[in-house]
Amino acid sequence: MMSAIRQYAIVLVAFIAVTCAHAGNLTSTSIGPYVRCPKGDGPVPPTLELRFQPRYTHTDSDADQPQPTWLVPDDRSAKAHYRTRRFRVLAYGDLSSDWAYYAHIRRETDMDSVEWVDAYLTYGSWDFADLTIGQFKTPTEASFTVAEMKWPLYEWPRSAGLLNYDRDWGLMLHDLRRAGGRCGWSVGVFNGEGVNTSENRSTLLWTARFDYAANPRLALGAGYGYNNNTGGNRYRSFLKSGKDPYGFMTYYKAHAVDEETWTLDAHYEDEHARIFAGYLSKDLSSKLGAMPKADDWYVVGGWKIPCGGDPEGLEAVVGFETVDPNTSVRDVYDARFYTIGLNWRPHGTRKDADLFDQVRLQYQKRDERGGSEVDNDSLVIQYEIQWRYR
């Protein structure tokens with residue numbers, strides 16, 4: 001059961017956010033949004049979005065070396081391969097001046113069928129906060145709230161995946177209006193077992209997040225999550241071919257694992273560059289046996305280059321991430337990831353455009369810190385296109 005200290009920590013995060021000093025109006029696109037909120041203009045006709053991401057990947061491989069696919073979902077073989085990374089369909093709008101809706105389905109390479117991703121309603125008529133109910137992202141970590149097509153690299157950091165929480169069913173209070181738009185906060189409670197799962201054996205996921213825009217270019221954030229008695233659906237989704245390197249599935253299947261996560265992050269952006277940095281610490285505990293701590297930190301940057309009349313038509317990107325899913329041992333899963341590349345936007349970068357497309361050419365070097373070095377660096381060419389119909 002979650003201790004009183006942890007409950008007070010969540011309440012304290014929300015209290016600080018709500019009562020932070022009013023310092024005049026200052027809008028920063030670096031804060032949120034966590035979810036889509038009503039615009040307050042009455043009913044808004046639905047908008048339909050289609051997103052398509054074909055990818056060509058060549059991953060080096062030595063048949064004699066075991067591939068640590070647990071942390072690298074894209075490792076398949078030594079052969080160059082083409083696949084459809086993602087296909088998404090989204091629909092959203094306002095039912096009234098107080099209610100907004102959002103629905104999202106997707107099909108990914110590793111999935112056998114199409115699945116619901118987001119399905120939620122947001123009520124926005126209260127002065128102190130908005131309320132979202134349904135299945136949506138649990139915003140403990142900042143990078144997970146950034147749309148994938150707007151993220152500099154071809155994948156989110158592993159802190160937004162393996163080590164963090166996914167979308168989930170629940171409800172969340174949140175607000176981005178404090179101090180003239182400089183402060184944002186959220187507090188939520190969820191089922192705790194991930195997308196499209198009603199399984200619940202006394203499992204609850206509690207989350208809290210606080211964002212602060214120090215100025216229009218710099219935003220800082222902190223997040224917290226506590227998941228008790230979880231069945232580990234997020235953990236299971238990253239296991240390949242039945243692999244369970246640390247033998248945790250026995251604990252997860254018994255719903256005897258508690259997960260506690262803390263995150264810190266920063267986002268800087270100006271007319272020339274953008275930088276994201278974050279740290280995540282995740283403690284696992286179980287009454288059935290000892291479990292480890294996991295941590296991850298990353299720095300991702302992009303330098304905007306004028307092209308075709310658009311000041312951001314090209315972007316040179318770099319990224320560094322170090323991830324350790326079990327800090328008690330040094331093994332092949334304790335790895336560093338170095339990425340360099342270039343993003344090209346043929347039709348510009350207008351956020352309100354009905355057509356947005358992007359070509360990514362990126363190379364990632366993976367450095368396993370424990371055991372023998374594994375030959376599994378990757379070259380990725382990915383095309384992304386988004387159509388919006390209003």
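Summary of values
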item	result
Condition met for residue 356 (surrounded by 15 or more Cβ atoms within 10 Å (Cβ to Cβ), farther than 30 Å from residue 92 by Cβ, among the aromatic types (Phe, Trp, Tyr) and out of contact with any Cys (no Cβ under 7 Å at 6 or more places or on another chain))	no
Boolean, residue 139 is under 26 Å from residue 230 (Cβ atoms) and outside any strand (DSSP E or B)	yes
Pair list, Cβ < 7 Å and 6+ apart or interchain, from segment 23-42 residues that are surrounded by fewer than 21 Cβ atoms within 10 Å (Cβ to Cβ) to residues that are basic (Lys, Arg) and at pLDDT 70 or above	23/182; 26/182
Tally, over segment 210-225, of residues that are surrounded by fewer than 24 Cβ atoms within 10 Å (Cβ to Cβ) and either in contact with a Leu (Cβ under 7 Å, 6 or more places away or on another chain) or farther than 11 Å from residue 266 by Cα (or both)	7
Residues being outside any loop (DSSP other than H, G, I, E, B), out of contact with any helix residue (DSSP H, G or I) (no Cβ under 8 Å at 6 or more places or on another chain) and among the acidic types (Asp, Glu) - total across segment 358-387	2
Filter result for residue 322 (hydroxyl-bearing (Ser, Thr, Tyr), surrounded by fewer than 18 Cβ atoms within 10 Å (Cβ to Cβ), farther than 22 Å from residue 211 by Cβ and at pLDDT below 85)	no
Failed condition for residue 379, given (1) within 17 Å of residue 155 (Cα to Cα); (2) touching a His at 6+ places or on another chain (Cβ under 7 Å); (3) surrounded by 17 or more Cβ atoms within 10 Å (Cβ to Cβ)	(3)
Number of the condition not met by residue 144 [criteria: (1) touching a residue at least 24 places away in the same chain (Cβ under 8 Å); (2) closer than 30 Å to residue 381 by Cβ]	(1)
Selection within segment 178-209 - modelled with pLDDT of 75 or more, on the phi > 0 side of the Ramachandran plot and surrounded by fewer than 22 Cβ atoms within 10 Å (Cβ to Cβ)	180, 181
Residue, nearest to the chain's Cα centre (by Cα), within segment 260-298, restricted to residues that are among the aliphatic types (A, V, I, L, M) and surrounded by fewer than 16 Cβ atoms within 10 Å (Cβ to Cβ)	273
Residues within segment 378-390 that are more than 23 Å from the chain's Cα centre (by Cα) and among the charged types (D, E, K, R), tallied	1
Count of residues meeting criterion [without any contact (Cβ under 8 Å) to a residue 60 or more places away in the chain and either of a type in the set (Gly, Ala, Ser) or touching a helix residue (DSSP H, G or I) at 6+ places or on another chain (Cβ under 6 Å) (or both)] in segment 253-265	3
Index of the failed condition, residue 119 passing every other in (1) in a strand (DSSP E or B); (2) under 18 Å from residue 52 (Cα atoms)	(2)
Some residue of segment 107-128 being at pLDDT below 95, basic (Lys, Arg) and over 20 Å from residue 173 (Cβ atoms)	yes
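The values are calculated or read from the model by the stated rules, or taken from the named source; none is laboratory data. Note that the coordinates shown come from a computational prediction; the quantities given were computed from them, not determined experimentally. Glycine also receives a Cβ, built like all others from the backbone with ideal geometry; neighbour counts cover every protein chain displayed.
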